[in-house]
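As structure tokens, the structure follows; a few thoughts come after it.
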Amino acid sequence: MIVNIAGEDLQLLGEKAIFWQKHQLLLIADLHLGKANHFRRSGIAVPSQSNDQNIERLIVLLQQMSIKRVMFMGDLFHSHYNPSWEDFGTFLNSFSEIAFDLVIGNHDIMSEHQYTKYGINIYKDPIALDPFVISHEPLAAFEGYNLAGHIHPGVMLRGKARQGIRLPCFYFGKSQGLLPAFGEFTGLHKLSIKKEDKVFPIVEGKVLSF
């Protein structure tokens, strides 16, 4: 689905990412690689396939679309180093023709060497790419239109029989937009929606108008 935000056409993808064709740029928020490993080390039983599913969805996008640059909008890796990072590095090496950038998020706590050894460009401050200011957490003060992650936005849809389902979504307010978490097993934060806001839930890999 293509939407016009701040005068730019953005393609909202059912894989929970945004493709900005003008720059052949893929925007991804909150991948949280290694999260399953982190919880298992703490004695919490979680599915072991979540990392593989995340990478598989990303591979499909990179193979099917004309992408020259991928921007991870923070929380690329969930916590301290663990071996699943090396698996991701092997994946990155398979796409050497693509530039990979990371806007540092609150969970990106590994040493810079771990990112740069696989060619990831690190940005500690928001990236200005007119008309957007791209950050991990939503900004309090900025010029332009802020695209951010961090929140893991979700919306509740209710049926006639009062049954409800909470879904990840893209959210666009007057001056700020939120991307859904790309990673599986990340949870959702229910948003308070205003009448003028634009919200696009994701159901089984499809983007819907709300």
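Each value in this text was obtained by applying a stated rule to the coordinates, not by laboratory testing. If you're wondering where the values come from, they're calculated on a predicted model, not measured in any experiment. Every residue, glycine among them, receives a Cβ derived from its backbone with ideal geometry; neighbour counts consider all protein chains shown.
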The relative contact order of the chain, taking Cα pairs under 8 Å that sit 6 or more residues apart, comes to a percentage of 21
Amide proton proximity set for Leu33, modelled H, under 5 Å, gap of 5+: Phe77, His78
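Do the sum for the chain: with -39,500 (n - 2.57) for every DSSP H run of n ≥ 4, divided by all residues, what is the mean residue ellipticity at 222 nm, to the nearest 500 deg cm²/dmol? Display every interim value, and only then the final one.
On the way: 4 runs with 37 residues, N = 210.
Per the formula, -5000 deg cm²/dmol.
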How high is the FRET efficiency from Asn82 to Tyr123, r the C-beta distance, R0 25 Å, rounded to 0.05? 0.60
Would you grab the residues whose amide H sits under 5 Å from the one on Gly14? Only those 5+ places off in sequence or on another chain, please, with H modelled 1.01 Å from N. Val207
In the stretch 131-210, the trypsin sites (Lys or Arg not before Pro) that sit in a DSSP loop and have at most 12 other Cβ atoms within 10 Å of their own Cβ are Lys160, Arg162, Lys174, Lys194, Lys195
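Order the peptides 110-119, 175-184 from the highest to the lowest mean number of other Cβ atoms within 10 Å of their residues. Please report the intermediate quantities before stating the final value.
Working: 110-119: 13.5, 175-184: 22.8.
The packing order, highest mean first, is 175-184, 110-119.
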Pop out the ³J(HN,Hα) list for the stretch 193-206 in order, Karplus 6.51 cos²θ - 1.76 cosθ + 1.60 with θ = phi - 60°, rounded to Hz; leave Gly and Pro as x. 9, 9, 4, 7, 6, 10, 10, 10, x, 10, 10, 6, x, 10
Across the chain, how many lysine pairs, 8 or more apart or on two chains, come within less than 17 Å at their alpha-carbon atoms? 9
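Between Lys68 and Arg158, how high is the FRET efficiency from 1/(1 + (r/R0)^6) when r is the Cβ-Cβ distance and R₀ = 35 Å? Nearest 0.05.
Working: r = 41 Å, r/R0 = 1.18.
Approximately 0.25, to the nearest 0.05.
Apply 1/(1 + (r/R0)^6) to the Cβ-Cβ distance of Ser96 and Lys206, taking R0 = 30 Å, and write down the FRET efficiency to the nearest 0.05.
On the way: r = 32 Å, r/R0 = 1.06.
E(calc), rounded to 0.05, equals 0.40.
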